Every structure is written in structure tokens, then in C-alpha cells.
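Each remark here refers to the structure printed beneath this line.
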Amino acid sequence: MGASKEISPFPSAARYSEQIFMFEYEPTATTAGSADEPSTIIIFGWGDGQAKHVSKYISGYRELFPSVTKIVVVLATTFKAAYQPLHERVSGMMPVIDAAFPDGPVLAAAARDKTKTKTSADGAAALSPHSPVLLHAMSNAGGINLASALHACKQRFGTPMPHRLLVLDSTPGGVVFREQVGRWARAMAIGMSRRFPWPYAVTYALCYVFLWMMKGVEWILRRHHAGAYSRTAVNAGDIIAVPARRLYLYSQADDIIQAKDVEVHAAQAKGLGFGVDLAEFEGSEHVGHMRRHPEQYWKAVADSWAAAGAK
């Protein structure tokens, strides 16, 4: 799929859809061929996150890993992520696969050395931990888009998406509707409140009622909520390579994603064979860990990436 020519919130990036963008960087003499850094990073932004805020993560990764040659960014809208049918979500993430893996799943050696032959899809899946790819998902909307992209890769190539490290920032949350509906309404209201002239409390109440209405629709259609699907999918060995490592970034102060839900998911992942790191932040709000604790945040990412590549 070619890049769109519409006006982009990221002017220097190629636009693959209304929400998917790709930055490409030429390696310099000092950074070319650095085998200890990712060559491709895919960032799945949080629900209704603005490009100017997501850009701070792009800058952070460029500083942390200066040899990166490709960063793919996926912006998210809360409603679209949560209520599109699965097949539409997967179709919407196909441009991510086009942008990140135009030649199919390529391992580290082939990615660094263009003279080497392309690895088979089966080989890419088996050696995924050696792939120079880092995935980063934020909040439930980012997690939903991540799960859809994983599904899209499996559908396109017949193999899990190759990657060495998955960073999960403020995700995944719980899935019991009665326990989570208030938090989901708050997340929706935060993203939408700037669009309306009335007080935040009115937006929150409207979102709360709307979520209960959509729960009724899902019950009638016998359809699982996208958040529940993504929580399960990220630990499903058929669409994500089990040996790959992951890093959970979370806080007890997060009033949208409870720390206990993150810790339970991490324990489940560890039991399934994933390498797991957890970084807990003091007092930072939802998707606010990097802003409040930048040094701790980027050190956790760097350390986890290094651990993922350790023999």
C-alpha cells in the first residue's frame, strides 16, 4: 500500500492511512550496522493521543537507539479501537505490516545485510527474539491495535510478528465489565472532553451511559469486547512469538489501568514462557510514566532490550 498524500499530523513521515505513519532515517557513519539496537520500532499510541504528544516517544527512541532506521507510528481513537469488528481492526492494521515488513519477516542478519537472502516465515517465527524489532503499545487502545497488527501479520505471512521486545505501557487492563466500565468511561471522556463546550462531568456521564448501551449491543451480537480480546491475544502463542521478551510499565497511581491487572497479565506471560520485566513508577498517572520519570522510563526500556538480546 502506498503512502497517502493527505495533510499529515507528522509532515516528515510517509502516511499509510489516516492513523499509520512511517519515519525513515539514514544510518550515519557512527550508527550504521549497530547490531545491539533495534532497526525497526512500532509505536501503538494511546486512545485519542495527539501527534505532538506521541512525538515525544519518537524523539526518546531516536536518542536511546540512534541507529534505528524505521519508526512506524499508529495513532488511535478510543471508539474505533474498541468497537470496530475484529476483521475491520485487522484490515486497518495491514498498513503497519506493509510499512514495517515490506519484504516479509526479516531477521537481524538479513535486516543489517541486504546481500543476504530473505529468511523463511517459519524461520522468522522461530528466531523472533533475534529480530531487531521493538514493539511499544500504550493504554488499552494501543493494546487493541497491537493485537490487531499481530493478527494481521499472521494473516499476511502465516507467522507471528518477529520482534525482540514488546513494551506495554499502562496496559493491559482488566476485562470484567462491571469493574472496568467507570475506568473506560474516564479514559473516553479524557480524550473527548476537549471537543465539547460542557463540563468534563457531562462528557463522563455520557460515555458511561454509552458504554452500557454498547455492552447491550455486544451481548445481543454475542461479540467479545476488543479490550478483552487484546488482553488474551498478546499472550497467545499462535500470533505472538513466545520466546520474545516484554516489559510492563505501570503505576499504582494509574486510575484507569489497575496495577494488579498488569501484574496478573505479566505473571501469566511468564508462565507461558515469555521473558518478563516489570517497571513500577511512583505516583505517575495513566500513560504519564515517561513524562514524570523520563530517566527511569528509558533506562527500563534500554535494560529490557539488552536483556532480550543476551545469550
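The values are calculated or read from the model by the stated rules, or taken from the named source; none is laboratory data. Everything quoted here is computed from the prediction, not taken from an experiment. Cβ sites come from the backbone with ideal geometry, for glycine too, and all protein chains shown count toward neighbours.
Would the range 235-246 turn up any residue that is under 22 Å from residue 149 (Cα atoms), in contact with a helix residue (DSSP H, G or I) (Cβ under 7 Å, 6 or more places away or on another chain) and small (Gly, Ala, Ser)?
Yes.
In the range 183-214, which residue that is surrounded by 14 or more Cβ atoms within 10 Å (Cβ to Cβ) and not hydrophobic (A, V, I, L, M, F, W, C) is modelled with the highest pLDDT?
Per the stated criteria, the residue is 203.
Taking helices (runs of 4 or more DSSP H) that fall entirely within the range 239-311, which contain at least 1 residues that are of a type in the set (S, T, N, Q) and touching a residue at least 60 places away in the same chain (Cβ under 8 Å)?
294-309
Select from the range 42-69 the residues that are in contact with a Phe, Trp or Tyr (Cβ under 7 Å, 6 or more places away or on another chain) and either more than 12 Å from residue 10 (Cα to Cα) or not assigned by TED's automatic domain parsing to the domain that holds residue 18 (or both) and list them in ascending order.
43, 60, 64, 68, 69
Yes/no per residue for (1) modelled with pLDDT under 90; (2) in a strand (DSSP E or B); (3) not basic (Lys, Arg):
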{"residue": "17", "(1), (2), (3)": "no, no, yes"}
{"residue": "23", "(1), (2), (3)": "no, yes, yes"}
{"residue": "42", "(1), (2), (3)": "no, yes, yes"}
{"residue": "53", "(1), (2), (3)": "no, no, yes"}
{"residue": "63", "(1), (2), (3)": "no, no, yes"}
{"residue": "73", "(1), (2), (3)": "no, yes, yes"}
{"residue": "81", "(1), (2), (3)": "yes, no, yes"}
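Checking the structure you have, find out if any residue of the range 138-151 is on the phi > 0 side of the Ramachandran plot and either modelled with pLDDT under 90 or assigned by TED's automatic domain parsing to the domain that holds residue 265 (or both).
Looking through the range 138-151, at least one residue is on the phi > 0 side of the Ramachandran plot and either modelled with pLDDT under 90 or assigned by TED's automatic domain parsing to the domain that holds residue 265 (or both).
Could you count how many residues in the range 276-308 are buried (at least 18 other Cβ atoms within 10 Å of the Cβ), at negative phi and of a type outside the set (Ser, Thr, Tyr)?
13
Assess whether residue 248 counts as being within 16 Å of residue 143 (Cα to Cα) and in the same structural domain as residue 136 (by TED's automatic domain parsing).
Yes; evaluated as a whole, the condition is true for this residue.
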